[in-house]
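Written below as structure tokens is the structure these notes are about.
The values are calculated or read from the model by the stated rules, or taken from the named source; none is laboratory data. Keep in mind it's a predicted model, so treat the numbers as computed, not measured. Every residue, glycine as well, gets a Cβ built from its backbone with ideal geometry; the counts of neighbours run over all protein chains shown.
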Amino acid sequence: MITRRTFATGLGAGLVLPRGADAQAFPSRPIKFLVPFGAGSATDAVARLIGERVSAELRQPVIVENQAGASGVIAAQNAARAAPDGYTLLITTNTTHGANQSLLKTVPYDALNDFTPLSRLGYNPLILIVNPSVPATTVAELVAYGKAHPGKLTFGSGSSSSRVCGELLKMRTGLDATHVPYRSIPPAVVDVISGQISFTFADPQSGAPQIEAGKVRGLAVSSTFRVGLVPKLPTMIEAGVPDYDIVAYFAAFGPANMPASVADRLAKVISGAARDPEIVAKLATLGTEASASTPDELRAQVAAEITKWAAIVKSAGIEPQ
């Protein structure tokens, strides 16, 4: 399902110039942000915040288009195949540029060579949330219940990060739980609330409000540091799970072979947005730690993430699908 929303700047879409003139006149028409997860996801929220600032800086509308499904492959592939003119960008996470390379048997894009890295945008831990009917107020109690009731627990995942969070918990503790895949995290959260599944690892934006409303119970966070939106929740290590640290990152990419002048301008505007104090504060309210980078730093991070996730997936015993 594809959804759209446009950030207007008060200007029209502008005159569409011939492609040869685009680099010189960039931008002369709206810019599209492809997001590989559904509306309401953390990636969607980050894209919209960054999009508002990019729209204001470049004086053109920014259209956020959600292309959820297939572990982000649909949006990533479409971005990689888009014209390299700067008008179609990908706002994504380590799902498409880190984990998919180990979780999927076939990935129809090259995370390093099919994209132009622009800037990292931030980091996001995940929150372990359970349905209130599950008799567990701690991770240890969840593990004990799962072991005592084989086949009883189910966990949903709406991204590669949330999938690996669950699988790593199982591997580190011996927890018995059956995996249920989702197109993105918000639907998994809905099913935890309704009791269709026992638990999931949700981004703070999706999980924290439900904890506060008493619709789900929070048990821990996936990072080695506590999260401001849920400061009382322990880290997995504090909860007794050894060697546990999974944090998602957000970043902006364009297709490969973009004109240098266009890529440079976009990189400066996008990284500037991620450093803007107002954006930093807004991202913090979502549980996201803003973090900008240079294109070279982002490229190096993608390479490191691919290696990191390969090790995690192998150690967790996850078979590529």
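Couple of notes before you dig in:
- Scanning the range 246-266 for residues that are among the aliphatic types (A, V, I, L, M) and under 19 Å from the mean Cα position of the chain (by Cα) gives Ile246, Val247, Ala248, Ala251, Ala252.
- Any hit, the range 296-303, residues being under 23 Å from Thr88 (Cβ atoms), modelled with pLDDT of 95 or more and of a type in the set (Gly, Ala, Ser): no
- Within the range 72-95, the set of residues being more than 16 Å from Pro27 (Cβ to Cβ), at pLDDT 95 or above and among the hydroxyl-bearing types (Ser, Thr, Tyr) comprises just one member, Thr92.
- For the range 190-211, a residue qualifies if it is more than 19 Å from Ile246 (Cα to Cα) and in a helix (DSSP H, G or I), and the qualifying residues are Val190, Asp191, Val192, Ile193, Ser194, Pro209, Gln210, Ile211.
- Ala140, sole failed condition from (1) touching a residue at least 40 places away in the same chain (Cβ under 8 Å); (2) more than 20 Å from Glu305 (Cβ to Cβ); (3) in contact with a helix residue (DSSP H, G or I) (Cβ under 7 Å, 6 or more places away or on another chain): (3)
- Among the residues of the range 107-154, the one identified as closer than 30 Å to Val54 by Cα, part of a loop (DSSP other than H, G, I, E, B) and small (Gly, Ala, Ser) is Ala111.
- One residue from Val164, Val180 being outside the structural domain of Ala70 (by TED's automatic domain parsing) and free of Cβ contacts under 8 Å to residues at least 60 places away in the same chain: Val180
- Residue, surrounded by the most Cβ atoms within 10 Å (Cβ to Cβ), within the range 33-70, restricted to residues that are charged (D, E, K, R) and farther than 21 Å from Ser160 by Cβ: Arg53
- Residue check for Tyr145: without any contact (Cβ under 8 Å) to a residue 40 or more places away in the chain, crowded, with 17+ Cβ neighbours inside 10 Å and touching a helix residue (DSSP H, G or I) at 6+ places or on another chain (Cβ under 7 Å): no
- Residue pairs meeting the criteria (Cβ under 6 Å; at least 6 apart or on separate chains; first closer than 20 Å to Val134 by Cα, in the range 218-236; second part of a strand (DSSP E or B) and modelled with pLDDT under 95): Val221/Pro125; Ser222/Pro125
- Residue within the range 167-175 that is closer than 19 Å to Gly218 by Cα and outside any helix (DSSP H, G or I) present: yes
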